[in-house]
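Heads up, the thing below is written out as structure tokens.
The values are calculated or read from the model by the stated rules, or taken from the named source; none is laboratory data. Just so we're clear, the structure is a prediction, and the values are computed from it rather than from any experiment. Here the Cβ positions follow ideal geometry from the backbone for every residue, glycine too, while neighbour counts run over all protein chains shown. Remember, those area values only see protein heavy atoms, side chains included, never the ligands or the DNA or RNA. Shrake-Rupley method; radii C 1.70, N 1.55, O 1.52, S 1.80 Å.
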Amino acid sequence: MRGTRKYKHVIDTPDPGKWELAGYEESLPISEKSNPITRELDKADPSTIVQLLRDCDAEIFQEEDETIINYQRLYSESILKTVGDIAKRVQQIIENPDDGLVVLSGCGTSGRLALLLANSFNHLMRGLHHRPCYTYLIAGGDRSIVTAQEVPEDDPTWGQKELQRVCAGKKKVVFFGISCSLSAPFIAGQLEYCMKNLDVFLPVLVGFNPISMARNDRIDGWSSTFRQVAEQMQNLQDAQRAYVLNPAVGPEGLCGSSHMKGGSATKILLETLFLVAHKASAKVDVTEKCLLEILRTYERAHKVTYSQSKKIAALLKQSASSLQKKGHLYILGWGTLGMVGIMDAVECVTSYNADWQEVRGFVNGGYRTLENQDGELTSLGAEFAISHEDFVKSVLPSVTETDTIIFLFTLDDEVTEVEKLIESVKEKTINIHAICHATAGQYLPNTTKKMIPNPIVITWPILFLEYEGNFIQRFQWELSSKWILDTVTSGAHVLKGKIYRNLIVDFKICNSKHFHRAVSVLQRLAGHPQTRCTENLLQSIYEEQTLNQQIMNAEMSQHIREAASRDKVLPVAIVTLLRSCSVAEARTRLESSESIRAAIESSLNVPGRKRVADGAETSGRRR
């Protein structure tokens, strides 16, 4: 088993993969490459899906292998040194919080994680009788915490204004801009603003691609590309005026789904960094050993979580059955685990083009538990109703036997409250499951066991790490729950036919990242040049066979607004391109097919198409 110097891995990580070879899908950044592990994911049964996604998650903890290609990894000395250097700068804010601030900012899941982390470390500081010094920003504001609001990700100007707002009056700010694929204009604008005000700001870019793979496309209404901003930060790093924290963690199990592995790696990396900063403020030396000890706890979380693979597969199968029957999946969580459930549910809307009512998350205490800046948002509409009381009042009356309910809690929570809610749900459906976290010596009450036939109960060793140990334990529970829910909801959509191989073939095109990803999917499946695939996508968006000059000359933002109002834009484009048929015919074929994947498979097998060496399909010459 490989190890970093004196330290051994807790888990067996996969051997270096094909994606690490020079030339493998070289035109794509790591975050958009197809992971060889999951190449046949769409043909897998529930047990195999869990195994494949487990192996993809394990790649987070791989070490660099210089005999293949020299990507920095989580355990690379350069990454560990950068984490330690940034932790010392955060330590200064912790020790002088009156004029200082630590800001975490992101889009979508990255922004939701920013909220979760900021709140966790503010709680840690309050427990030590220190003044809290963390805050968060999310593209789209607090609406984006519980609903899908993807368009604001493309607005660098708004990103700057939001940063100015939360930092008004502060003399020292450590800013963490999280963009897993190094692509979000919202973050680029904030980082650029920081670099123009280095007397106040220390900007840190967090992502999982090399700088050379950062998006280099023009941003509407902006003078810089993301790559140019990232390169400027890299130039400042030697002087410690800015930092880029970007270990490679490998392609996602579902191509481009950075909320999965990218979200998990963000959580691991930043929690480790902040824990080390707090230890340093308590006069504990920040050493590589200290960093490794914390990182190993996350490796153990992976091992403990996937020891439940058989039960996770059963939950995946049941969840898929509900979605296939046009039922619903409801996740009822307690405390921060409720936020993890909401995070996973919201991501299904953009990643798998699910209706917002298909997969929903609820948390005890609602917005009071979330501790978001804007407070109560329920008045904005049914989509913003997230408390257990909202579930009982507005959702439970319509629950049927086709629906699946997941209870997500720990034995430190009020279990009698959990049991009471289970009793109410049992009157509507028998499809009740639980993910429960316990520490050694705790046991699920027999009364709860009788209510839930086959719960996933994960028992964790007690961590004797002084005060921070309680938080590390909580962080493990959150990450474990995230891994399970990522696997269950993603796997359910695989079985529902939303995936071809490991490509998501039905997602909402609601920002520039999704537009570019859609074009990339078309190129992979059809083998046509980028210009042809872009034109085809526009035909699907506007439902026009002949594109006029006004459409061709329009800004991408206009295309995205138009795409956001239409259903199955990408599937229609795929079938249209593969069959050389009209948009109307493509829609008809999709509607008559048992699934989107089946319609694509049928289109790929049209007589006259031939299979090429890498398994892609084409009706003509490859690019």
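Considering only alpha-carbon pairs that sit under 8 angstrom and 6 or more positions apart, the relative contact order computed for the chain is 14 percent.
Pairwise Cα distances in segment 372-425 exceed 13 Å for 68 percent of all pairs.
Pairs from the table (267/513; 449/482; 88/513) lying more than 25 angstrom apart at Cα are 88/513. Spin-label pair residue 544-residue 373: with each label point 7 Å from Cα along the Cα-Cβ axis, the two points sit 3.9 nm from one another. Take residue 228 and residue 591, extend 7 Å from each Cα along the Cα→Cβ direction, and tell me the distance between the two endpoints in nm. Roughly 4.6 nm, to one decimal. Reducing segment 249-297 and segment 6-41 to their Cα centroids gives an inter-centroid distance of 19 Å.
Amide H to amide H, with H built 1.01 Å from N, residue 72 comes under 5 Å of 248, counting only residues 5 or more places away or on other chains. The amide H of residue 24, built 1.01 Å from its N in the peptide plane, has no neighbour under 5 Å, considering only residues 5 or more places off or on other chains. Across all directions, the shadow cast by the convex hull of segment 249-367 built on its C-alpha atoms averages 9.6 square nanometres. Put a dot 7 Å past the Cα of residue 241, heading toward its Cβ, do the same for residue 416, and the two dots end up 6.1 nm apart.
Ignoring ligands, DNA and RNA, please state the percent of accessible area on the chain from carbon and sulfur, probe 1.4 Å. Don't skip to the answer; put the middle values down first.
Values: 11370 of 24130 Å².
With neighbouring chains kept in place, the figure for the chain is 47 percent.
Straight-line cross-link partners of residue 317 among the lysines, defined as a Cα under 16 Å from its Cα and at least 8 positions apart when in the same chain: 43, 325, 326, 496, 498.
Per-residue 3J(HN,Hα) values for segment 215-221, derived from phi via the Karplus relation 6.51 cos²θ - 1.76 cosθ + 1.60 with θ = phi - 60°, read 4, 10, 7, 4, 9, 3, x Hz in sequence order (x marks Gly and Pro).
Note on residue 413: accessible area is roughly 40 Å² with a 1.4 Å probe, heavy atoms of protein only. Positive contributions from Lys and Arg (+1) and negative ones from Asp and Glu (-1), summed over other residues with Cβ under 12 Å from the Cβ of residue 149, come out at -3.
Short to long, the 20 Å bins of the Cα pair-distance histogram for the chain hold 20, 56, 23, 1 percent of all pairs.
Shown in residue order for segment 206-211 are the 3J(HN,Hα) couplings computed by the Karplus curve 6.51 cos²θ - 1.76 cosθ + 1.60 at θ = phi - 60°: 10, x, 9, 10, x, 4 Hz (x for Gly and Pro). Residues whose amide H lies under 5 Å from that of residue 202, counting only those 5 or more places away or on a different chain, are 173, 174, 175; hydrogens are built 1.01 Å from N in the peptide plane.
For segment 368-449, relative contact order (Cα pairs under 8 Å, six or more residues apart, normalised by length) works out to 29 percent.
Where does segment 308-450 land on Rg/Rh, using Cα atoms and the Kirkwood Rh?
On the way: Rg = 14.8 Å, Rh = 15.6 Å.
That ratio is 0.95, to two decimals.
Over the chain, accessible surface divided per residue gives 39 Å², non-protein components excluded, 1.4 Å probe. Coupling constants for segment 422-439 follow from the phi torsions by the Karplus curve (6.51 cos²θ - 1.76 cosθ + 1.60, θ = phi - 60°), and in residue order they are 4, 4, 5, 6, 4, 6, 10, 8, 8, 7, 10, 10, 9, 10, 10, 9, 9, 9 Hz; glycine and proline get x.
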